[in-house]
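These notes are about the structure you will find just below.
The values are calculated or read from the model by the stated rules, or taken from the named source; none is laboratory data. Predicted model, so just to flag it, every value in this text is computed and none were measured. Neighbour counts are summed over all protein chains in view; Cβ atoms, including those assigned to glycine, are modelled from backbone coordinates with ideal geometry. With ligands, DNA and RNA removed, areas are computed over all heavy atoms of the protein, side chains included. Shrake-Rupley method; radii C 1.70, N 1.55, O 1.52, S 1.80 Å.
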Amino acid sequence: MKSMQVFALAALAACAPAARAPSAPAIPAELARFRAVTGGARWDGVAAIASHATLEVGALAGAVDSIEDVRSGRFRNAVELGGFTEGDGFDGAVAWQQGMGGEVTTLETPDEIARARTSQWLTRRGFFRAGGAAYRALGGRALDGKPAHGVAATPAGGAPIELWFDDASGLLVRTVTTQGSDRVVTTLGDYRAVGGVSLAFHSVQDLGDPRSRVTSQTTHAELRPATEAELARPATDEARLHFAPGARAAQVPFDLINNHIYIHAEVDGQPVRFLVDTGGSNVLTPAAAARLGLPAAGKLAVGGTGETKADLAIARGHTLAVGDVQLDRPVFYVINFDDLEDFEGEHIDGLVGFELFHRLAVRIDYPARQLVLMPRAGWAPPAGAIAVPFTMADSTPLAEGAIDGVPARFTIDTGARNSLTVNGPFARAHDLDAKYHPAFEAVTGWGVGGGARGKPVRFHEIKLGAAAVADVAGDLFAGDKGAFANPDIAGNIGGGLLKRFVVTFDYRDGKMYLAPAATPVARDIYNRAGVGFMYAHGEQVLRVVSITPGGAAARAGVAVGDRIVAIDGAPIARQPLWKWRDVLAEGKVGERHTLALEHAGARRDVTLTLLELLP
């Protein structure tokens, strides 16, 4: 789950002319006119722009202080929103962001680097200089009822951006970029004179969801030199995390259920049950936040594996304790996990992950069911393990590898149960349907935003750095929304593959260490019953949410919407949901099981015979 960053720079940086006059033929006429109407040669001596603006987003109000160094392209934004702080910037070499928990990370994936180069180009006003970008005319269209013309620009090494100019005034009124699978539209207006030039004082950034719409109104702007201190990258506040007296590491037992890691922790001294997610922010459910007495503010949007986005609020606790490790003043996103709880059949108070992983060395001993949190000072990599380098995709490790010889970049996600989900754009770009000939489509996962549909296939070999895993059951994502629609990433590796190893993460040095489990893990299989189910919320019955075409359940006449009230004569309440999944999904081929079903008030019994659907 990504940090909720507020990117005010795109609106501010794209509104001012260059510090050096271009020759007219070198750039599109729209850009030359924009420079002329906003000050022309008066910008030749401008070094930097400092501004303060108010913000409104997701029922929260706040402010952003920005400094842009026009000469170097460096910038820094410090955001306060609803009493919480975050920020982002470019230090001349790399882009960085600071989450609400205070952790500072480098944005270092290829797509993030490309976006950073475009931000630098905007800050330097590169669009008013000869060279440095490729341009393409977009023609005319009406924007808010007024005629406008657009120019598509791709800075050298950067990400594409659309610049739209009002025909009557010549002013820049809209920019369009992409961020993952999201289209980001920023509308600009209220141009005002500052030191003899014009800047847009009002902007609205829209990602297509009203909860994520950022409205910014500049209240003060000035032209002056920037200091090094103003542009400096902040440091993570390490003092917020500490170990119990005498503790050299924290050893925390966990339950591995449906390939998910469940731990017991404490928030403000009260017990909670968390999932462990390598890229996840600290999260509480609304029920857990209420029980803990933590008020939540805001109504923003957050995406996940599903196609829809969920509500997100923000709360702050006093302490978060995981074993002998304590984090002071933790920030939590508050997200409803009711559907995930029903799908997992397990109580979930929230999740924890990135902030601890960022500050510590973390070992996940899947065979021993133990999570080990270690201070980085004096820590040494495990002997004999395979080192897999990674960069960070926002807050999630991104490692190089291959899918049956095709180079690929994978997010490493302990919060996912599958072995490998291949992102839709990557699957289409490499025509993987033609390569693997998937025979059916089904619900292959569930998370924030609902279910994810995929086409199960079997891979001969998945490489992760120098590590190779053979005979992997995975899926090709079949949707066009959600995390698996991101065109910048090949796929997502989850617990189904990671559980074959003792996995150690060192986020600071960008390495993951894989030591094979002493006891081999059983072969990956696909659901042999061909039925997906979850609890009917608040009831001890199972609701059928997916049927695999041609599978055992389909042949027996089970349908989506049926309610399973008993299996082999036993009521559903007799054992946890994951055990029922083991019975049906992982039973032996040829086993017969009887389901007692209800639908629209009528009851019937069916018997299904387990099949191997993914040889």
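Dipole of the chain, Cα-centred, from +1 at each Lys and Arg C-beta and -1 at each Asp and Glu C-beta, to the nearest 20 debye?
On the way: 60 positive and 68 negative charges, 172 e Å.
Taking the Cα centre of the chain as origin, the dipole is about 820 debye.
Ranking 593, 615, 72 by how far each Cα lies toward the positive end of the dipole of the chain (charges on Cβ) leaves 72 at the top.
Principal axis extents of the C-alpha atoms in the stretch 182-230 (largest first, rounded to whole Å): 37, 27, 17.
Among the protein heavy atoms of the stretch 350-436, carbon and sulfur supply 55% of the accessible surface, probe 1.4 Å, non-protein parts ignored.
Taking label points 7 Å from Cα along the Cα-to-Cβ direction, residue 232 and residue 604 give a separation of 7.3 nm. The residues of the chain expose on average 39 square angstrom of accessible surface per residue, using a 1.4 Å probe on protein heavy atoms.
Here is the P(r) of the stretch 318-433: all C-alpha pair distances, binned every 5 Å from 0, give 2, 7, 13, 18, 19, 16, 12, 7, 3, 1, 0 in whole percents.
So if I place +1 on the C-beta of Lys and Arg and -1 on the C-beta of Asp and Glu, and nothing else carries charge, what would the dipole magnitude of the stretch 175-234 be about its Cα centre? I want it in debye, nearest 20. List each step's numbers first, then the result.
Working: 6 positive and 7 negative charges, 14 e Å.
In total the dipole reaches around 60 debye.
Can you give me the relative contact order of the stretch 44-201 as a percent, contacts being Cα pairs under 8 Å and 6 or more apart?
On the way: 300 pairs, mean separation 17.1, N = 158.
It comes to 11 percent, rounded to a whole number.
Shown here: Cα Rg over 2.2 N^0.38 Å, derived from the displayed model; of the candidates [x] 0.98; [y] 1.04; [z] 1.17, it corresponds to [y].
Among the listed pairs 481/579; 299/455; 435/511; 435/579; 463/499, those whose Cα-Cα separation exceeds 23 Å are 481/579; 299/455; 435/511; 435/579. Volume per residue for the stretch 293-337 equals 96 cubic angstrom (convex hull of Cα atoms). What the phi angles of the stretch 280-295 give under the Karplus curve with 6.51, -1.76 and 1.60, with θ = phi - 60°, is a coupling list of x, 6, 5, 10, 10, 6, x, 5, 5, 4, 5, 4, 7, x, 9, x Hz, glycine and proline written as x. For the stretch 215-289, a simple Cβ point-charge model (Lys and Arg +1, Asp and Glu -1, everything else neutral) yields a dipole of about 120 debye relative to the Cα centre.
Consider all pairwise Cα distances in the stretch 505-615 and report the whole-number % of them above 17 Å. Roughly 58 percent, once rounded to a whole number. Between 236, 531, 200, the Cα set farthest toward the positive side of the dipole of the chain (charges on each charged residue's Cβ, about the Cα centre) is that of 200. Farthest towards the positive end of the charge dipole of the chain, among the residues 147, 556, 477, is the Cα of 147, using unit charges on the Cβ of Lys, Arg, Asp and Glu. The calculated P(r) of the stretch 500-539, using every Cα pair and 10 Å bins from 0, goes 21, 23, 23, 27, 6 in percent.
From the Cα gyration tensor of the stretch 239-292, with a ≥ b ≥ c the square roots of its eigenvalues, which class applies: rounded if a/c is under 1.5, or else prolate if a/b is larger than b/c, or else oblate? In terms of gyration-tensor shape, oblate. Using a probe radius of 1.4 angstrom, the carbon and sulfur fraction of the accessible surface of the stretch 223-285 is 55%. Short-range pairs are left out: with C-alpha atoms under 8 Å and at least six residues apart, the relative contact order of the chain is 11 percent.
Element breakdown for the stretch 448-574 at a 1.4 angstrom probe: carbon and sulfur atoms account for 51% of the accessible area. Shown are 181, 203, whose ranking by accessible area with a 1.4 Å probe and every protein chain present, most to least, is 181, 203.
Would you please classify the overall shape of the stretch 51-151 from the alpha carbon gyration tensor, given that a ≥ b ≥ c denote the square roots of the eigenvalues, rounded means a/c under 1.5, and beyond that prolate means a/b larger than b/c while oblate covers the rest? Because a/c hits 1.5 or more and a/b fails to exceed b/c, the stretch 51-151 counts as oblate. Report summary: the helix-based calculation at 222 nm, which adds -39500 (n - 2.57) for every DSSP H run with n ≥ 4 and divides by the residues of the chain, gives -3000 deg cm²/dmol.
Over all directions, the projected convex hull of the C-alpha atoms in the stretch 374-443 averages 7.3 nm² in area. Please compute the contact order of the stretch 500-615 in relative form: average sequence separation of alpha-carbon pairs under 8 Å and at least six residues apart, divided by the residue count, as a percent. Result for the stretch 500-615 is 24 percent.
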